[in-house]
Amino acid sequence: MSIVSYQLIGNIGVIQLNNPPVNALSKALRQGVQHAIKTAQSDSSQALVLICEGRTFIAGADISEFGQPPLEPSLRDMLNSIETSSKPVVAAIHGTALGGGFETALACHYRCALASAKIGLPEVKLGLLPGAGGTQRVPRLTGVEAALNLITSGRPIAAARAEALGLIDRLVEGDLLEAALTYARQLVSEAAPLRRVRNIEIDAASIPAGLFENYRKKLARRARGQIAPMHIVDCVEAAVNLPMGQGLKLERERFMQCMQSTQSCAMRHLFFAERQAARVDGIEKNTPTRPIGSVGIIGGGTMGGGIAMNFANAGIPVTLLEINQQALERGLTLVEKNYAITVSKGKLSAAQKEQCLSLIQGTTDYADLAETDLVIEAVFEDLGIKKQVFKKLDEVCKAGAILATNTSYQDVNLIAAATQRPADVIGLHFFSPANVMRLMEVVRADKTSDEVIATTMKMAKTIKKVAVLSRVCYGFIGNRMLRHYAREAQLCLIEGSSPQQIDTVMQDWGMAMGPLAVGDLAGLDISYNARKALSVEQKGDPRTYCIPDALVEMGRLGQKSGAGYYNYDPQTRARSNDEAVMQLVRDKAAEHGIERREIPDEEIVNRLIFALINEGAKLLEEGIAQRASDIDVVYASGYGFPVARGGPMHYANTVGLEKIYSTLCRYYEQTDKDYWRPAALLEELATTGKQF
Ligand code: T1G
């Protein structure tokens, strides 16, 4: 079937698009629509319907075309053909009308949609702005504030909400084509006008004073350092003050600035990287997978409860097992509390909360897991305990059940060896809070079967996780790299910096939080206890942990104790610096014979980030991570790495591997520390002018 077909059904011309998988606005599609509109101008049709085959209305411009020379006809030309049509065009929307897709609907004269449909302008998530009239047409229909919220958030909204905002004219049910034809015939019978959105004027006097400036201030905090949101505000402001033609011109200029920015290049990289991460090299796309119709969770602590919520949210029944009734009650109460928080934030209705809770049943009897398809162990981070759990699971679970561990560090091969079915054992490393964080590291052990890998990678999408495959090593991908990042933060601190300098520098650079503030949030006692289990040589350089150890021994565990690297207000949790901490830092420096010096901000960024990059290169060399873009997905979706920089490996390409390499060589010469020796892969790429 061709990408665009046109037919007359009675007195209505129907333009049908069919460009799988999401009807993206490719060149062929734009040409086809323009040709159909032209044909319709001189046939017997009295109105037109624009509708899509497949799972969704147009989901946007074809992102894979970006960065290439523009291909005629442009999207703007296509939309102009629609809007200037002599006959009314009705957009019939299902699925997700996003970006240029919704902009196409806005160029139509009327819009109808199934109640299940969503509309949105997610360009800002790609470091862009709606470049085909969205910033000019939306405010003309919804008013300025709603337009700013829709476009700067990039979040889709349900069709009913869109109708309330005036973006959709009619919600329809049943067969969309039939409903759209009925609507179009009604418009013809009523001689409905050619309602062009471009002709709507916005009354400048209706705009509250200071609205745009206040919005810019809010965005400066919310989208720190991102340029597209600010351009969006300027474009929406132009929709108020300039005629449509000039507003479209400004929008086009700003769109091109965004398109050519390193920020958008980084964010578009992550868009495709997330989808690439779902693919496992060497495993056929059509590898059979096992149904996951029920899940067991061992351990109702913070992680176990959060993991359980993911499956309940996806409508999958969960059996949560704890060692005794008291622990079970505590776990179920924690889940209920977390759902209550979600409801209070308006992200879930009370009815949905009850529905999810009804899917989570507690037990203290392993026999209740005998028929579950997948069991995820989330008990204390101790190999011996985990082995006992898996030995028990091996005894009670049905053949074919997938046995997964949520371990952060333990060797999944050793856990698998505690069973008679190592092929069914895999790591599913969730990130705390497990019901919020999108990242899930899928850890394939040496004997994990392709079917189990394919099943869990597919299951990740069901529970709305971004899955990244890792092989077994200490810390897998994210935490193994994080140790080097954390090491440099500690060394910068003891060598001359301060918690506030390190955290401010890294947060200004784009990290969601500075490394020491993260330590206070997680609790300094967690890594303190983990270190206690290590031998002296395993602990590494004492300069990299003597300060957090001393803080814990002073009772400064972080936010949970009201003080860590910083002091925390008991009510607001606002943090403040504490001279006692700096005195401790100076004392520890003296103890280790370190003459403190001023450390430039740029040195802090380079040491922490280049340490990540070097370890990431080693993960690639060792085959722990499949590809550099997978590492970027781990850091952008699990560790607060700025999406506008695309992830550590994409950032390295942006900086230039030669610079990374020469800096690492300098650090290696200065410190003679093996961890600064550039990875062989990095050296090879840097010296041959290649990229990750
Ligand atoms: N262009 C090209 N390919 C796309 C695409 C797009 N816009 N959207 C999805 N794909 C591919 C994707 O790579 C994957 O390919 C397959 O479709 C299924 O996607 C002018 C400039 C629509 C909600 O940002 O949010 O319009 O891996 O796995 O989970 O102002 O895709 O199978 O080979 O994500 O069901 C604005 C982006 C573009 C929407 C479906 N539009 N897409 O989610 O499937 S900029 C967007 C999505 C723009 C205008 C501006 C989601 C989805 P493959 P998927 P899904």
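The values are calculated or read from the model by the stated rules, or taken from the named source; none is laboratory data. Bear in mind the structure is a predicted one, so any value in this text is a computation, not a measurement. Backbone-built Cβ (ideal geometry, glycine too); neighbour counts: all protein chains shown. Calculation scope for accessible area: heavy atoms of the full protein, side chains included, ligands and nucleic acids excluded. Shrake-Rupley method; radii C 1.70, N 1.55, O 1.52, S 1.80 Å.
Quick notes
- Remark: segment 479-591 carries 44 Å² of accessible area per residue (probe radius 1.4 Å; ligands, DNA and RNA excluded).
- In order along segment 358-371, the Karplus-derived 3J(HN,Hα) couplings, from 6.51 cos²θ - 1.76 cosθ + 1.60 at θ = phi - 60°, round to 5, 8, 10, 10, x, 7, 10, 10, 4, 4, 6, 9, 4, 10 Hz, and Gly and Pro are given as x.
- Heavy atoms of Thr182: accessible area, 1.4 Å probe, square angstrom to 10: 80 Å²
- The residues of segment 593-646 expose on average 32 square angstrom of accessible surface per residue, using a 1.4 Å probe on protein heavy atoms.
- Less than 5 angstrom separates the built amide H of Ile93 from those of Cys112, Ala113, Leu114, all sequence-distant by 5 or more or on a different chain.
- Accessible surface calculations at 1.4 Å, restricted to protein heavy atoms, place segment 398-477 at 35 Å² per residue.
- Against the rule of thumb 2.2 N^0.38 Å, how large the Cα Rg of segment 437-517 comes out: 1.48
- Across every direction, the projection of the convex hull enclosing the Cα atoms of segment 295-474 has a mean area of 9.0 nm².
- The 3J(HN,Hα) values that the Karplus relation (6.51, -1.76, 1.60; θ = phi - 60°) gives for segment 254-266 are, in residue order, 5, 4, 5, 4, 5, 4, 8, 7, 5, 4, 5, 4, 5 Hz. Gly and Pro appear as x.
- Only alpha carbons enter this Debye calculation for segment 427-481, each as an equal point scatterer, and the log10 of I(q)/I(0) it gives at q = 0.31 Å⁻¹ is -1.28.
- Accessible-area rank, largest first, for Ile526, Ile341: Ile526, Ile341, with all protein chains present and a 1.4 angstrom probe.
- Per-bin percent of Cα-Cα distances, segment 479-591 [5 Å]: 2, 12, 22, 27, 21, 11, 3, 1, 0
- Carbon/sulfur fraction of accessible area - segment 274-418, other protein chains in place, 1.4 Å, %: 53 percent
- Proximal lysines relative to Lys337, as straight alpha-carbon distance under 26 Å, when same-chain residues fewer than 8 apart are discounted: Lys345, Lys347, Lys353, Lys461, Lys464, Lys465, Lys560
- Percent carbon-and-sulfur accessible area, segment 4-259, ignoring ligands, DNA and RNA, probe 1.4 Å: 54 percent
- Compared with the dominant Cα axis of the chain, that is its longest principal axis, helix 176-189 is turned about 40°.
- Distance cut-off 25 Å, percentage of C-alpha pairs in segment 4-259 lying past it: 39 percent
- Between helix 211-222 and the chain: long-axis angle, C-alpha atoms, 0 to 90°, nearest 10: 30 degrees
- Surface listing: Phe610, Phe692 arranged by accessible area from highest to lowest gives Phe692, Phe610, probe 1.4 Å.
- Relative to the longest principal axis of the Cα atoms of the chain, helix 383-396 runs at roughly 60 degrees.
- Karplus (6.51, -1.76, 1.60) ³J(HN,Hα), θ = phi - 60°, over segment 70-85, in Hz, Gly and Pro reported as x: x, 10, 6, x, 6, 4, 4, 5, 4, 5, 5, 4, 5, 5, 8, 4
- Neighbour-limited loop hits for GluC sites (Glu not before Pro), segment 248-298 (at most 14 other Cβ within 10 Å; DSSP other than H, G, I, E, B): Glu284
- Using the alpha carbons alone, the radius of gyration of segment 554-692 stands to its Kirkwood radius in an Rg to Rh ratio of 1.06.
- Using only alpha-carbon positions in the chain, the gyration tensor eigenvalues give semi-axes of 48, 32, 25 Å once each is multiplied by 5 and square-rooted (largest first).
- Portion, in percent, of the accessible area of segment 590-650 that falls on carbon or sulfur, probe 1.4 Å: 46 percent
- Every helix of 4 or more DSSP H residues in the chain counts as -39500 (n - 2.57), and over all residues that averages to -15000 deg cm²/dmol at 222 nm.
- Asp424, Asp411, Asp281, ranked by accessible area, largest first (probe 1.4 Å): Asp281, Asp411, Asp424
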